[in-house]
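*Asks:* Okay, handing you the structure first.
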Amino acid sequence: MTRLAPRLHDLALGTLPFVLILVAWFLLPHLLDYPSYMLPSLGTVIDRAIGSIEDGSLLENTLASLQRLAIGFIIGNGVAIPLGIAIALNRHVADTLRPVLTFLQSIAGIAWVPLAIIWFGIGQGAVVFVIANTIFFAGIYNTVVGVESIPNTLYRAVRSHGGKGIQIFTELILPGALVQIILGLRTSMAYGWRALVAGEMIAGTNGLGYMSIEAVQWYQTETVILGMILIGILWLILDRLLFVPLEQRTIVRWGLIQR
Amino acid sequence: MNAGLLTPATERFLKGAAGVLVLVALWQASVPLVGLEPYFYPSPADVWHAFVELMEKGILPVYLVDSLYRYLLGVGLGIVLGIAAGLLIGLSATASRILTPLINFLFAIVEVAWIPIFVIWFGYGFKTILIALVYVVLFPLLYNTLLGVRTVPQVYVNAARSLGATRLQLIKDVILPAALPNIITGLRVGAGFAFRGLIFAEIIAAKTGIGYLIFEGASTQQTARTIVGMIVMGLLWLFLDRCYLKPIERVTIERWGQVTTAEDRE
């Protein structure tokens, strides 16, 4: 009880602002006069949520977004991490490519959407390209930095103890660069998530971003708000379920991560 | 190469420059091999001509100034509001416990998701872009300032108090410096997101600016202009990052101790 009670207390306190916002939102139309498209009532948003759950469109859009994110994440990191390690292992190659990578990382993401539309047309291809591109450059940059940050003395130590080839890789390079690689995964996911929503708004044909921007044209503000709430909740779930545990494990296994 | 004559930094620079040149050369050489329409796959020469044209017509300088103005104003306002709110909330334990979940939730609704409703509320234009930028910067700063203030060791606060520090002195000399590494982390995160946010907001809601150039170039099939926009965007970000963000971080480290970045953990 002594451990649970403060947490329950915190939970109750933390819920308070949400309750207040909902109450204010409920009361506002009775207190002020404004067109309902500016801020639809709480009831309208709930009706919209129920309606889009019932006709399946909400689930469909959510799954479409998550699937794109997953494809982009797998393609981006699947190519970036091995390539990043390969580049970082040779100092000359790394020195030659670093400015190019730094530059491409700084434009990765949303800025590629217009070009992606030209290359792939509106739809799945363009959005996946932009997500994969964002995640690739964040991933490769962090992998290169991670491998390079392993001190030379550690290489010598491993070699002088008879470590060879694959052992250097599994015992030194991978654990040595892992903290930075995971940092890259998390950063790239945060940028990739923004690229997903933004990409769907400009180049999408379905998904949560598309749902929101499409609704603006018809002044269906309730759909826009529904989309925002979902985007917030999904990100919290992704971040807390995927990356917080991953970081915790890395901290325990390979030393501290501080954010 | 005669590595003996060059300092390591010069050698790295030359190698890096060679990398950029090789990339541009490969790009130029690949154009006839790929054999696609210039609007689909423009060459570096096309991009250069587009750049010269945009400069001569005076379009690019105007767009660049517009983007920079929006960015600096939005980020500046976001920083001030974020730190102030973080301090105010952080100084009260109860206020932080009440508001932290809400802040986490608002931080999770990424700024791009707010843009549709900002468009409904404020229309297409400057207001929407500015508010979106303030939003992007505000939350990472608020979140990190709060974290910094809440993790100041109580002994420091007690020590300053027992030496007779007033509340203002306590904030200025103890809490703010102790929270500064976190604030800088928030600044870096916010400034990075804000830059992408600016480009996106300009694509959706502007008629000038680098984001608009990138989008408009593509939709009028002047793809070389799009690429000029992307290159200018990249260079602008590198300039801001190297000339402002990195030095601020370095000064903070020297003045107030370590800002933990991944490279430090050995």
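*Asks:* Per-residue HN-Hα couplings for the range B:216-228, Karplus 6.51 cos²θ - 1.76 cosθ + 1.60 at θ = phi - 60°, whole Hz, x for Gly and Pro?
*Replies:* 5, x, 6, 6, 9, 6, 9, 4, 4, 5, 4, 5, 4
*Asks:* Which whole number gives the average, over all residues in B:33-43, of C-beta atoms from other chains lying within 10 Å of the residue C-beta?
*Replies:* Partner-chain Cβ atoms within 10 Å, mean over residues of B:33-43: 1.
*Asks:* Quantify how strongly other chains surround peptide A:11-17 by giving the mean number of their Cβ atoms within 10 Å of each of its Cβ atoms.
*Replies:* Values: counts 2, 2, 8, 9, 3, 5, 7.
For peptide A:11-17, the averaged partner shielding equals 5.
*Asks:* While we're looking at this one, here's another question. Counting only heavy atoms of the protein chains, get the accessible area per residue of the range B:1-129 (1.4 Å probe) and round it to a whole Å² value.
*Replies:* Averaged over the residues of the range B:1-129, the accessible area is 54 Å².
*Asks:* Now for a different question. Using helices alone, what [θ] at 222 nm do you get for chain B, with -39,500 (n - 2.57) per DSSP H run of 4 or more residues, divided over all residues and rounded to the nearest 500?
*Replies:* On the way: 11 runs with 203 residues, N = 266.
Helices in chain B give a 222 nm mean residue ellipticity of -26000 deg cm²/dmol.
*Asks:* I'd like the Karplus ³J(HN,Hα) series for the range B:18-26: coefficients 6.51, -1.76, 1.60, θ = phi - 60°, whole numbers in Hz, and an x wherever there's a Gly or Pro.
*Replies:* 4, x, 5, 4, 4, 4, 5, 4, 4
*Asks:* Sticking with this structure for a sec: 7 Å from Cα along Cα→Cβ at both residue A:169 and residue A:41: what's the point-to-point distance in nm?
*Replies:* A separation of 6.5 nm, rounded to one decimal place.
*Asks:* Just the accessible area per residue of chain A, please: how many Å² with a 1.4 Å probe?
*Replies:* Accessible area per residue, chain A: 49 Å².
*Asks:* Need one value for B:203-210: mean number of C-beta atoms belonging to other chains within 10 Å of its residues' C-beta atoms.
*Replies:* Mean partner-chain Cβ count within 10 Å for B:203-210: 2.
*Asks:* Karplus couplings for the range A:119-136 from phi (6.51 cos²θ - 1.76 cosθ + 1.60, θ = phi - 60°), rounded to Hz, Gly and Pro as x?
*Replies:* 6, 10, x, 5, x, 3, x, 5, 5, 4, 4, 5, 5, 4, 4, 4, 6, 4
*Asks:* If one takes the accessible area of chain A alone plus chain B alone and subtracts that of the pair, with a 1.4 Å probe, what total in Å², rounded to the nearest 100, results?
*Replies:* Counting protein atoms only, the buried area is about 5500 Å².
*Asks:* Work out, in µm²/s and without decimals, the Stokes-Einstein translational diffusion coefficient of the range B:43-261 at 25 °C, 0.890 mPa s, Rh from Kirkwood over C-alpha pairs.
*Replies:* On the way: Rh = 19.0 Å.
Here the translational diffusion coefficient equals 129 µm²/s.
*Asks:* What residues of the range B:111-127 lose no less than 50 Å² of accessible area with every protein chain in place versus their chain by itself (probe 1.4 Å, heavy atoms only)?
*Replies:* Residues meeting the cut-off: B:112, B:113, B:116, B:117, B:120, B:121.
*Asks:* Further question: What FRET efficiency comes out for residue A:100 versus residue B:40 if R0 is 22 angstrom and r is the Cβ-Cβ distance? Round to the nearest 0.05.
*Replies:* The computed FRET efficiency comes out at 0.45.
*Asks:* Hey, can you rank B:169-177, A:147-155 by average C-beta count inside 10 Å, highest first?
*Replies:* Descending packing order for the listed peptides: B:169-177, A:147-155.
*Asks:* Quick one: pull the percent of accessible area on chain B belonging to carbon and sulfur, 1.4 Å probe, ligands and nucleic acids left out.
*Replies:* About 69 percent, which is the carbon plus sulfur part of the accessible surface.
*Asks:* Just order B:146-152, A:34-40, A:159-165 by mean Cβ neighbour count inside 10 Å, highest at the front, would you?
*Replies:* B:146-152, A:34-40, A:159-165
*Asks:* Chain A: percent of C-alpha pairs farther apart than 29 Å?
*Replies:* Of the Cα pairs, 48 percent sit more than 29 Å apart.
*Asks:* Given the rule -39500 (n - 2.57) for each run of at least 4 DSSP H residues, summed and divided by the residues of chain A, what is its mean residue ellipticity at 222 nm, to the nearest 500 deg cm²/dmol?
*Replies:* Theoretical 222 nm ellipticity from helices: -26500 deg cm²/dmol.
The values are calculated or read from the model by the stated rules, or taken from the named source; none is laboratory data. Fair warning: this is a prediction, and the values are worked out from it, not measured in the lab. Neighbour counts run over all protein chains shown; Cβ positions are idealised from the backbone, glycine included. Side chains included, ligands, DNA and RNA excluded: accessible areas come from the protein's heavy atoms. Shrake-Rupley method; radii C 1.70, N 1.55, O 1.52, S 1.80 Å.
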